[in-house]
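The values are calculated or read from the model by the stated rules, or taken from the named source; none is laboratory data. Just so it is clear, the structure is predicted and the values come from calculations on it, not from any experiment. Virtual Cβ from ideal backbone geometry, glycine too; neighbours counted across all protein chains shown.
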């Protein structure tokens, strides 16, 4: 396997550090718009000859396709933010490479009833091309981070091994992380966080299909394991709700994120002021008016999440809560994966949230390299057997857990 990794930010850099400890691939080209960032990720690996750095503009589809071909890469792993999904997705198809991402193509709210009906859903633009990928015998493995990703693997595992009938699958994400010296410092890309938290959340019900609600709807307190404890979670737009029902039979699917009231209030204020917008606005500049995206300005004013590891304390938990019936009796479980920031910093030099996200696509790449996972078309993690993934996750030294509720 020869991999082109596009994006050398926090998650991309963590991917290189995890992959460097495994023998399953021949080469990994690390490409970023900022060549110095790609070079820093490679240099930190202590001279591993399998890695090299390149500069590429992720929005330039022909340039990405040419880079795939120049380095003989058979896999493109997308570690950029969702704005670049489609050009990278298309570049992989053009070059005949397998495509893997951790977030899917962006949604657009319904123009008239945004809090009732779906408009363009997450991943719609990719699934529209599924038949072409399948006909070509090519694979796009989409949503293969931690959430979406491992959470979807948990859903498939529950359906295959733990339940006869599933009433509800609810992804529940929570943490007790704190960051020294900052009153507001998101542990993941603020651009992506704004996108998923302020868009209308999507809910799936078998009798109704996909529909939307108001942001931050249906608050509930969920008790997270391993000392994290109770955290209030709210509905947030996320890929699992769009992926799970395509392959797993469940009457209801939701995603709820433990944001905390202060975080919710900050996001609401950004929305009120229009600072969540991506459309450029004109502002005065020293050399005349300039066009800038308000959301990009917000991102530039906040610390890079990848640099916060030394200041962070606590744990993050990603997991899937499932309620249903097994052998005629009600059952309820929470399948989860917890990462302690102190551990991930000590072992990999990566903060917990980005390391947890980065781990899962590397596990998936190894399963594709060995043939334990294979397929054609645009497929989510639920389309593949869960047990090989969970076994390999444990072999990577980061075991998962299950709690009967």
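Can you say whether residue 127 is more than 19 Å from the chain's Cα centre (by Cα) and on the phi < 0 side of the Ramachandran plot, as far as the supplied structure shows?
So residue 127 does not fit the description; no.
Take the conditions touching a residue at least 60 places away in the same chain (Cβ under 8 Å) and part of a helix (DSSP H, G or I) and apply them to residue 154. Does it pass?
Answer is yes for this residue.
Just give me the residues in segment 1-38 being in a loop (DSSP other than H, G, I, E, B) and within 19 Å of residue 367 (Cβ to Cβ), in sequence order.
Listed by number, the residues that qualify are 1, 20, 21, 22, 23, 24, 25, 26.
Does residue 357 count as without any contact (Cβ under 8 Å) to a residue 12 or more places away in the chain and either outside the structural domain of residue 259 (by TED's automatic domain parsing) or not in a strand (DSSP E or B) (or both)? Before the answer, list the steps.
Details: without any contact (Cβ under 8 Å) to a residue 12 or more places away in the chain: no; either outside the structural domain of residue 259 (by TED's automatic domain parsing) or not in a strand (DSSP E or B) (or both): yes.
In short, no.
Kindly indicate which of 296, 276 is under 27 Å from residue 12 (Cβ atoms), buried (at least 17 other Cβ atoms within 10 Å of the Cβ) and touching a residue at least 40 places away in the same chain (Cβ under 8 Å).
That would be 276, the only listed residue that is under 27 Å from residue 12 (Cβ atoms), buried (at least 17 other Cβ atoms within 10 Å of the Cβ) and touching a residue at least 40 places away in the same chain (Cβ under 8 Å).
What are the pairs, 6+ residues apart or on separate chains, where a residue within segment 63-84 that is assigned by TED's automatic domain parsing to the domain that holds residue 304 and part of a helix (DSSP H, G or I) has its Cβ under 7 Å from a residue that is at pLDDT below 95 and surrounded by fewer than 22 Cβ atoms within 10 Å (Cβ to Cβ)?
none
Table: residues versus (1) surrounded by fewer than 23 Cβ atoms within 10 Å (Cβ to Cβ); (2) under 26 Å from residue 366 (Cα atoms); (3) assigned by TED's automatic domain parsing to the domain that holds residue 319; (4) free of Cβ contacts under 8 Å to residues at least 40 places away in the same chain.
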residue	(1), (2), (3), (4)
135	yes, yes, no, yes
158	no, yes, yes, no
162	yes, yes, yes, no
173	no, yes, yes, no
179	yes, no, yes, no
184	yes, no, yes, no
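Answer yes or no as to whether residue 324 is part of a strand (DSSP E or B), closer than 30 Å to residue 381 by Cα and either under 20 Å from the mean Cα position of the chain (by Cα) or in the same structural domain as residue 82 (by TED's automatic domain parsing) (or both).
The answer is no for residue 324.
Against the condition in contact with a helix residue (DSSP H, G or I) (Cβ under 9 Å, 6 or more places away or on another chain), in a loop (DSSP other than H, G, I, E, B) and farther than 30 Å from residue 166 by Cβ, how does residue 295 come out, does it pass?
On the way: in contact with a helix residue (DSSP H, G or I) (Cβ under 9 Å, 6 or more places away or on another chain): yes; in a loop (DSSP other than H, G, I, E, B): no; farther than 30 Å from residue 166 by Cβ: yes.
When the stated conditions are applied, residue 295 does not pass them.
Please enumerate the residues belonging to segment 334-367 that are surrounded by fewer than 21 Cβ atoms within 10 Å (Cβ to Cβ) and within 23 Å of residue 223 (Cα to Cα).
Those that are surrounded by fewer than 21 Cβ atoms within 10 Å (Cβ to Cβ) and within 23 Å of residue 223 (Cα to Cα): 340, 342, 343.
Restricting to segment 107-124, name every residue that is more than 17 Å from the chain's Cα centre (by Cα) and either assigned to a helix (DSSP H, G or I) or closer than 13 Å to residue 213 by Cα (or both).
Within segment 107-124, 109, 110, 113, 114, 115, 116, 117, 118, 119 meet the criteria.
For segment 300-314, give me each residue that is more than 18 Å from the chain's Cα centre (by Cα) and either surrounded by fewer than 22 Cβ atoms within 10 Å (Cβ to Cβ) or not in a strand (DSSP E or B) (or both).
If the condition is that a residue be more than 18 Å from the chain's Cα centre (by Cα) and either surrounded by fewer than 22 Cβ atoms within 10 Å (Cβ to Cβ) or not in a strand (DSSP E or B) (or both), then 300, 301, 302, 303, 307, 308, 309, 310, 311, 313, 314 are the ones that fit.
Tell me whether segment 90-106 contains one or more residues that are in a helix (DSSP H, G or I), touching a residue at least 40 places away in the same chain (Cβ under 8 Å) and over 15 Å from residue 202 (Cα atoms). Working first, answer last.
Residues of segment 90-106 that are in a helix (DSSP H, G or I), as a first pass: 90-95.
Filter once more, keeping what is touching a residue at least 40 places away in the same chain (Cβ under 8 Å): 92-93.
After this cut, where a residue has to be over 15 Å from residue 202 (Cα atoms) as well, the list is 92-93.
Scanning segment 90-106, I find at least one residue that is in a helix (DSSP H, G or I), touching a residue at least 40 places away in the same chain (Cβ under 8 Å) and over 15 Å from residue 202 (Cα atoms), so the answer is yes.
Could you figure out which of (1) in contact with a helix residue (DSSP H, G or I) (Cβ under 6 Å, 6 or more places away or on another chain); (2) closer than 22 Å to residue 142 by Cα; (3) not in a loop (DSSP other than H, G, I, E, B) isn't true of residue 267?
Failing condition for residue 267: (2).
Tell me yes or no: at least one residue of segment 74-82 is within 30 Å of residue 208 (Cα to Cα), touching a helix residue (DSSP H, G or I) at 6+ places or on another chain (Cβ under 8 Å) and at pLDDT 95 or above.
no
What pairs can you find where one residue is in segment 228-241 and at positive phi, the other is at pLDDT 95 or above and part of a strand (DSSP E or B), and their Cβ atoms are less than 7 Å apart, with a gap of 6+ or different chains?
Hits for this filter: 229/223.
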